[in-house]
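Just below is one structure, and these are the notes that go with it.
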Amino acid sequence: MFQRILVPLDGSPRAERVLPLAARLARASRGRLILARIVQPGTALLWAPTALDPATMRSWLESATEAAEAYLQRVAALPVLRDVPTEKIVRSGLPADQLLRLVPEVSADLLVLCSHGYRGLQRWALGSVALKLIRHASLPVLVLRSHGEMLAGPQPGYERPLRAVVPLDGSVHAKAALEPAAALVHALATPAPAALHLLAVVEVDEEAEDEAARRERERRLARARRYLAHTVEQIRAGLVAPKVSGLQLELTWSVHVGSDVAQTILDVVEHGQDLVDTPLPGGCDLLAMSTHGREGLNRWLLGSVTERVLERTRLPLLVVRPLGIEETPRTPWGTLQDDLD
């Protein structure tokens, strides 16, 4: 599925930590890596005491571009990329903007990068390339945390399948992550087995303990269980995410409760907490989620579970932005008919 993998590099060892994973994917799919280095004016130029003349700026840009090209040549020659076809591209400008322009130009079908994991004012001041990419990129974006798991593949003594977890909320949007997640975990696990686990979180008010609240909770739990069981049946029959059925993945599901959806997802996949249904023996290796791509006030008011998970998780996170799917209002877990669509 992933034939042209775009890998942004900024010259740091942190960014290069994605190379073993990217190389493994390229080998599994017989694809190639597109190594990209975006040159942007350095702090010294931005804070120069006087405005720099065009000739000086041009000279700096030429020198920086030559250094970037030499850097990518060195990276392409690293042992970890032996026998992996590579393309090398240098651009100048703002990293996120240039990468978004590059995606259609190079026909990339996956973008892999390592996030700094900035928080609070630091992220507000510096911006987040990863955050802008997952909001606007038309292709799946795999984000690895600089101090988290790198997911290079099963290691000797690995006793369980390599597992991807896909949280579903009953919407068509969420299902868009199923095929990319399955393809990714299958490629990374080969020749070892791989697994796909569907997860649902029923949001509850922990302070409401009356009988009506308990009945409503049980009703929504039952609805979510029916939905996930039905979705697994549809996947096996090739009716939903048809590319998954040919990969022979182990398919499981579980439903969980919590007052904070993002934190509940993290508690389950990273710590094994709140296992109401099928447990995750040994945990999971990869999270895959879709994003609604909300903008402006709508994001500010509603928040984004995917972005909150990205900010907090140590696991690799594959983010898929659904394309061509109309947004429709829904209540938590919809109606029974919605659950079975």
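The values are calculated or read from the model by the stated rules, or taken from the named source; none is laboratory data. Source: prediction; values computed, not measured. Heads up, the Cβs are rebuilt from the backbone with ideal geometry, glycines too, and the neighbour counts pull from every protein chain shown. Only protein heavy atoms, including side chains, enter the accessible area calculation; ligands, DNA and RNA are left aside. Shrake-Rupley method; radii C 1.70, N 1.55, O 1.52, S 1.80 Å.
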| From the set of residues in the stretch 163-180 that are touching a Leu at 6+ places or on another chain (Cβ under 6 Å) and hydrophobic (A, V, I, L, M, F, W, C), which is nearest to residue 260 (Cα to Cα)? | 168
| task | Would you point out the residue of the stretch 235-273, among those that are in contact with a helix residue (DSSP H, G or I) (Cβ under 8 Å, 6 or more places away or on another chain) and assigned to a loop (DSSP other than H, G, I, E, B), that is surrounded by the most Cβ atoms within 10 Å (Cβ to Cβ)? | result | 249
| Among the residues of the stretch 94-115, is any at pLDDT below 85 and either part of a loop (DSSP other than H, G, I, E, B) or more than 22 Å from residue 244 (Cβ to Cβ) (or both)? | yes
| query | Considering only residues of the stretch 195-204 that are assigned to a strand (DSSP E or B) and open to solvent by 10 Å² or more (accessible area, probe 1.4 Å), which is nearest to residue 174 (Cα to Cα)? | reply | 201
| remark: Scanning the stretch 72-104 residue by residue, those closer than 15 Å to residue 32 by Cα and among the charged types (D, E, K, R) turn out to be 82, 83, 87, 88
| task | Please go through the stretch 81-101 and pick out each residue that is under 20 Å from residue 134 (Cβ atoms), open to solvent by less than 50 Å² (accessible area, probe 1.4 Å) and among the aliphatic types (A, V, I, L, M). | result | 96, 99, 100
| query | Are there any pairs, at least 6 apart or on different chains, whose C-beta atoms fall under 8 Å, with the first in the stretch 209-237 and over 20 Å from residue 171 (Cα atoms) and the second hydrophobic (A, V, I, L, M, F, W, C) and surrounded by 15 or more Cβ atoms within 10 Å (Cβ to Cβ), and if so, which? | reply | 213/204
| Within the bounds of the stretch 259-276, is there any residue that is at pLDDT 80 or above and of a type in the set (Gly, Ala, Ser)? | yes
| message | Among the numbered criteria (1) closer than 22 Å to residue 179 by Cβ; (2) open to solvent by 50 Å² or more (accessible area, probe 1.4 Å); (3) at pLDDT below 90, which one does residue 280 miss? | response | (2)
| In the stretch 171-181, how many are in a helix (DSSP H, G or I) and out of contact with any Lys or Arg (no Cβ under 7 Å at 6 or more places or on another chain)? | 7
| query | Does residue 165 satisfy being open to solvent by 10 Å² or more (accessible area, probe 1.4 Å) and either modelled with pLDDT of 80 or more or acidic (Asp, Glu) (or both)? | reply | no
| task | Report the residue count in the stretch 57-77 for those that are of a type outside the set (Gly, Ala, Ser) and open to solvent by 60 Å² or more (accessible area, probe 1.4 Å). | result | 9
